[in-house]
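The values are calculated or read from the model by the stated rules, or taken from the named source; none is laboratory data. Predicted model, so just to flag it, every value in this text is computed and none were measured. Positions of Cβ are backbone-derived with ideal geometry, glycine not excepted, and every protein chain shown enters the neighbour counts.
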Amino acid sequence: MITVRALTGRHEFADIVNLQRMIWGWEDLDILPVRFFVVAIDIGGQVWGAFDERFMCGFCVAIPAVTTAATTPSPFLHSHMLGVLPEYRDTGAGRMLKLAQRDDAIARGFDLIEWTFDPLELKNAYFNIEKLGAIIRRYLPNHYGITSSRLQGGLPTDRCVAEWHLKRPRQEFTTLARIPVPTDVERLRRTDPAEAVEIQQRTMRLFQQNIESGLAVTGFERSPKVGTYLFSSWPSD
C-alpha cells in the first residue's frame, strides 16, 4: 500500500536526488541538489514523498510564487517537479502526491497551483487535464533548454503550463478547436527523431495559434493511436 507524507529531513532529500537519476536518467548537471529542497521548505514550499512501506517510490516539490502577468500580483504554488519510479506509475502514487499537495495548499490559503509538462507526454496530459481538472493557457518553447534526460530524447523542452484552480468548480465547455498528437511519439524519439521534431513543431504552432485566439485547453480525449487536446473559451481573470 502506498502512503504519502511531507518530507523535512536532509537524509530524505538525499533519497530524492537518487530518485531523479532513476526516473529521468539525468546527469548531475540537471539534478536538483539537497540544498534546493532545504530552501523549498524554509521559504514555505512543499516536499512530499510517496512510500511503499519504508521505500520512497515517488516525490513532488513545490515552491511559493507570485503572479507577474496579472494587474494585482497574487501568490500561488509552483509545483516544480513530480516523479514516480516506472514500476509504480500505475499504483496511484502520482495522484496521491498531487492530492496531498492540493489539500495542504488549500489549508494554507492558496487558490492556484501551476506546473509545466511536456505536451507530447499524453499520459501526463490526460492525468493533468481530465483527472485533476487543470487548464492550459500558456505554451513555452524549449523552456529549460536541451537536457540530459533520456526521456526527452534530445528534443527541445517545450512545455505547457498547467493551471490547477483549486477552488473553482469544474465546468462543461464547448470544444472550439482540437489538436491531435500521435501516441507513438515516445517510440519516434528513439527511432525517428526527425519525425518527432516535426510533430513537436506542429503541435507548438497549433497551440500558439489557439492560445493567441483566446482559447484554453479545457479537456483531453485519448484513443489507442491519438491523444487530442480540446480548446474552449475560458473567462479572463
Residue satisfying all of: in the stretch 110-119; of a type outside the set (S, T, Y) and touching a Leu at 6+ places or on another chain (Cβ under 8 Å); surrounded by the fewest Cβ atoms within 10 Å (Cβ to Cβ) among these: D111
Whichever residue in the stretch 128-155 is out of contact with any Phe, Trp or Tyr (no Cβ under 9 Å at 6 or more places or on another chain) and within 21 Å of R187 (Cα to Cα) and, among such residues, is modelled with the highest pLDDT: N142
The stretch 187-212: number of residues that are in contact with a Gly (Cβ under 8 Å, 6 or more places away or on another chain) and among the charged types (D, E, K, R): 2
Set V197, V217: member being assigned to a strand (DSSP E or B) and surrounded by 13 or more Cβ atoms within 10 Å (Cβ to Cβ): V217
Flag if D52 is at pLDDT below 95 and either closer than 28 Å to I146 by Cβ or not β-branched (V, I, T) (or both): no
Subset of the stretch 1-59 that is polar (S, T, N, Q) and closer than 19 Å to L99 by Cβ - its residue that is surrounded by the fewest Cβ atoms within 10 Å (Cβ to Cβ): T3
Matching entry among R170, R205, R222, R187 (being under 22 Å from G133 (Cα atoms), charged (D, E, K, R) and without any contact (Cβ under 8 Å) to a residue 40 or more places away in the chain): R170
Residue within the stretch 25-44 that is over 22 Å from H165 (Cβ atoms), charged (D, E, K, R) and in contact (Cβ under 8 Å) with a residue 12 or more places away in the chain present: yes
Positions within the stretch 106-120 being assigned to a loop (DSSP other than H, G, I, E, B) and either more than 30 Å from P156 (Cα to Cα) or touching a His at 6+ places or on another chain (Cβ under 8 Å) (or both), in sequence order: R108, G109, F110, D111
